[in-house]
Amino acid sequence: MQSAADMRQVAVLGATGSIGTSALDVIARHPARMRASVLAAGGNVEALLALCAAHQPDHAVIAEPAAYARLRDGLREAGLDTRAHAGAEALEALVAGPACDTVVAAIVGAAGLGSTLAAARAGKRLLLANKESLVLAGELVIAAARRSGAEIVPIDSEHSAVFQCLRSCEAGGVRRIVLTASGGPFRGWDRDRLAQVTPAQAIAHPKWSMGPKISVDSATLMNKGLEVIEAHHLFGLPADRIGVLVHPQSLVHALVEYIDGSTLAQLGMPDMRTALAVGLGWPERIDSGVSGLDLLAQGRLDFEAPDPVAFPCLRLASDAMSAGGTAPAVLNAANEEAVSAFLQGRIGFLGIPALVEDALAALPAAPAGSLQALLDADADARRFTRQRIDSRTSIA
Ligand code: NAD
Ligand code: MG
């Protein structure tokens, strides 16, 4: 049992989302060793208020400034001591300050970069789910964490798997890592069928329950492309030592192959609470609420190569990674805009890779010496992609 001073103080960013909810579930299982001290969300005040009533944090932050008064009044009406805040600056100050020692970075998209960087700079334990911040500015995030001593524990299931397997050997000797991909809801489909896909079909993931943006990324395989870039930054490996294998059962999350021919894999049910419990408890193992794996009940494990013709996003992401500089920022921003347009029914499913490819071709990679250069590339790619969407009534 730990004293109050040892109690882990956790800031959950993106608290109302899929990862945020899973994080709060794990935290609530360990009231003697951790608590949610800061909860932050995008625009849904009512959902944030409900979480405040359940978890009684010291601070609640809503991104949308117009929602501040409702948050403050709602907290008061509920008789809670939680202090209300609004906007990205307030969030970054709380993340960097004494209100938390651990940060679950689970905001979706490039909007998470500021708070991820703030946690990395401030030396917090950073449970990193927000992969887009690494794709956009991986060098800067990793360098900031190294300088401050911030401990990054990946929450993406594949990267958590690699993190766990790597702990078996202190002195390297890694030949390569392999990330698995479920293949998404359209595994085995050709381009003709993919052209007809609806948003409802794309967000119905066969194995994982996730937010809409990452669900679409999984359906295009862009998610795996972003994860290859994420793994490059987290584990310091070049592209040719990061493999991808389609594994429809989603039970093997990643493999690490060592130079002696030994391959270690991490297996488990597809439930993000396992990766979150690894991050919250590490180096101890704590209960996550997830049941163990019954391989007899599961029956079989299948593996196949990804289809590069039907799912070009994986190649686009590797190209952007090889080009380096601002290219991953352009890839990420164009993808976010294209996914949002697809979810709004404004473009077809195949419009997503087409728009990302166009943005990468139109905005060639430039050196990314500073955060500002990356934010400019992000803004340029969003502007370019929005114009392309607005100027065509139907794309692919
Ligand atoms: P989600 O859409 O369910 O939740 C997103 C959260 O971010 C919500 O709480 C929303 O209010 C908040 N948010 C959005 N914009 C914000 C802003 N500007 N400021 C503050 N908060 C904001 O998404 P999710 O599925 O939980 O994914 C979150 C992140 O985790 C993504 O980067 C995703 O790629 C990554 N991830 C998710 C899973 C998963 O299983 N869901 C797995 C691996 C990685
Ligand atoms: Mg993943």
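Here are the numbers for this structure:
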| quantity | calculated |
| --- | --- |
| Highest-MSF residue in the chain out of Asn44, Asn332, Asn223 [GNM, Cα springs under 10 Å] | Asn44 |
| Formal net charge of residues neighbouring Val228 (Cβ-Cβ distance under 14 Å; K, R +1; D, E -1) | -3 |
| Residues of type lysines that Lys224 reaches as a straight line, Cα spacing below 18 Å, ignoring anything fewer than 8 places off in the same chain | Lys131, Lys207, Lys213 |
| CD proxy at 222 nm, helix term only [per DSSP H run n ≥ 4: -39500 (n - 2.57); per residue of the chain; nearest 500] | -14000 deg cm²/dmol |
| Dipole magnitude of region 1-104 about its Cα centre (Cβ charges: Lys, Arg +1; Asp, Glu -1), debye to nearest 20 | 220 |
| Magnitude of the charge dipole, the chain, Cβ model with Lys/Arg +1 and Asp/Glu -1, debye to 20 | 220 |
| Along principal axes, Cα extents of region 27-76, largest first, whole Å | 36, 19, 15 |
| Mean Cβ neighbour count within 10 Å, used as a protection proxy, ranking 291-301, 124-134, 46-56, 311-321 highest first | 124-134, 311-321, 46-56, 291-301 |
| Sulfur and carbon atoms: percent of accessible area, the chain [1.4 Å] | 52 |
| Translational diffusion of the chain, µm² s⁻¹ [Kirkwood Rh, Cα pairs; Stokes-Einstein; 37 °C; 0.692 mPa s] | 153 |
| Bridge type composition, region 178-324 - antiparallel percent by DSSP, nearest 5 | 65 |
| Max mean-square fluctuation residue, GNM over the chain, Cα-Cα springs under 10 Å, options Asp287, Asp81, Asp260 | Asp260 |
| Ratio of Rg to Rh over region 176-273 (Cα coordinates, Kirkwood Rh, two decimals) | 1.00 |
| Charge context of Ala110, other residues only, Cβ under 10 angstrom, K/R +1, D/E -1 | -2 |
| Per residue solvent-accessible surface (Å²) - the chain, probe of 1.4 Å | 42 |
| Value in Å of the Kirkwood radius, where region 4-154 supplies the Cα pairs that are averaged | 15.0 |
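The values are calculated or read from the model by the stated rules, or taken from the named source; none is laboratory data. Every value quoted in this text rests on a predicted model; they were computed, and no experiment measured them. In this analysis, Cβ positions are derived from the backbone assuming ideal geometry, glycine residues included, and neighbour counts consider all displayed protein chains. We work out accessible area using only protein heavy atoms, side chains counted, and drop any ligands, DNA or RNA first. Shrake-Rupley method; radii C 1.70, N 1.55, O 1.52, S 1.80 Å.
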